[in-house]
Amino acid sequence: MTTGTQAYGESWYWDNRYTNEPGPFDWYQKYITLSPIINLYVPTNQSILVVGSGNSAFSEGMVDEGGYMDVVNIDISSVVIDAMQNKYQDRPQLKYMKMDVRDMSAFESESFGSVIDKGTLDSILCGNNSRQNATKMLEEIWRVLKDKGVYILVTYGAPLYRLRLLRDSCSWSIKLHVIEKLASEEKSDDPIWELTKPIPLNNDGSSVDETLGPNPDVHYIYICTKEISAN
Ligand SMILES: C[S@@+](CC[C@H](N)C(=O)[O-])C[C@H]1O[C@@H](n2cnc3c(N)ncnc32)[C@H](O)[C@@H]1O
């Protein structure tokens with residue numbers, strides 16, 4: 001039986017949740033708090049793919065505040081995709097498609113300049129066959145990215161748990177940023193670490209604990225660049 005957070009990898013769970021909670025709701029962080037990082041790594045004229053977009057207002061923020069022109073959103077829940085298609089029918093910059101991130105065969109290889117994931121790898125890692133599903137997801141993201149394209153992973157997963165998974169899947173070159181969990185829309189006077197400055201990252205990620213101390217109260221933002229030549 002699938003129980004609790006294990007169900008986060010299942011479409012029926014999300015269909016039920018989005019039927020009962022139409023939102024909008026953003027997991028972890030909103031566009032406004034992450035916009036400095038998005039602006040740093042994602043040019044506005046690129047095609048961008050948001051995987052597991054849910055009913056989050058993040059993509060709307062990218063278009064309305066960030067000036068992004070082409071943001072394609074996919075989710076495994078048909079309930080949320082129907083609702084978002086309806087909500088944004090007059091916004092040509094925002095497209096919504098029902099799709100499983102583990103099988104994006106509807107997209108040609110090298111279709112997108114950037115892929116953004118806020119909470120979707122984390123959900124898949126909660127479910128059954130998590131390691132296998134996460135690998136399929138990461139390989140598909142790699143495939144649809146252009147060479148030198150970036151996969152931006154926003155997660156609660158510390159480097160100890162995420163670096164090995166990322167490195168075992170594909171030849172990413174990886175940078176790490178952090179943002180305080182309770183980052184408010186006002187800029188903090190004393191952030192634990194400057195958002196746009198990458199954290200020193202060694203092979204096993206232990207340098208992050210050395211820099212921030214153990215168990216810092218942050219969300220991690222992995223910037224994974226596709227390096228075809230290194231694969
Ligand atoms: C934790 S929510 C995050 C939603 C949104 N990205 C945000 O930041 O608010 C995870 C989302 O991933 C979607 N999801 C789960 N498994 C998926 C899969 N295999 N393919 C596509 N989307 C999936 C869920 O339907 C849900 O909308």
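To keep it simple, each residue is scored yes or no on (1) in contact with a helix residue (DSSP H, G or I) (Cβ under 8 Å, 6 or more places away or on another chain); (2) under 21 Å from D70 (Cα atoms).
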| residue | (1), (2) |
| --- | --- |
| K118 | yes, yes |
| K136 | no, no |
| G157 | yes, no |
| I179 | yes, no |
| L182 | no, no |
| I199 | yes, no |
| T211 | no, no |
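Number of residues in the range 75-121 that are free of Cβ contacts under 8 Å to residues at least 60 places away in the same chain, surrounded by fewer than 22 Cβ atoms within 10 Å (Cβ to Cβ) and among the aliphatic types (A, V, I, L, M): the value is 4. Close contacts from the range 29-40, counting a first residue that is more than 18 Å from Y156 (Cα to Cα) and a second that is among the β-branched types (V, I, T), with Cβ to Cβ under 7 Å and a gap of 6+ residues or different chains, come to P36/T196; L40/T196. N128 falls short of the stated requirement of being modelled with pLDDT of 95 or more and closer than 19 Å to D15 by Cβ.
Against the list (1) surrounded by 15 or more Cβ atoms within 10 Å (Cβ to Cβ); (2) aromatic (F, W, Y); (3) in contact (Cβ under 8 Å) with a residue 24 or more places away in the chain, the condition F25 fails is (1).
Within the range 18-69, if we keep just the residues that are within 8 Å of the ligand (Cβ to nearest atom) and in a helix (DSSP H, G or I), the residue that is nearest to the chain's Cα centre (by Cα) turns out to be F58.
For the range 192-222, enumerate the residues that are surrounded by 19 or more Cβ atoms within 10 Å (Cβ to Cβ), under 14 Å from R162 (Cβ atoms) and hydrophobic (A, V, I, L, M, F, W, C). Give the steps one after another, and end with the answer.
Step one: list which residues in the range 192-222 are surrounded by 19 or more Cβ atoms within 10 Å (Cβ to Cβ), which gives 195, 199, 205, 208, 218-222.
Subset that is under 14 Å from R162 (Cβ atoms): 199, 205, 208, 218-222.
Matches in the range 192-222: I199, V208, V218, I221.
Each residue in the range 61-104 was checked for being closer than 21 Å to S123 by Cβ and among the hydroxyl-bearing types (S, T, Y), and 3 of them qualify.
Regarding S77, is this residue away from the ligand (no atom under 12 Å from the Cβ), of a type in the set (S, T, Y) and modelled with pLDDT of 95 or more?
Criteria not met by S77.
The values are calculated or read from the model by the stated rules, or taken from the named source; none is laboratory data. Since we're looking at a predicted model, the values are computed, not measured. Reconstructed Cβ throughout: ideal geometry from the backbone, glycine too, with neighbour counts over all protein chains shown.
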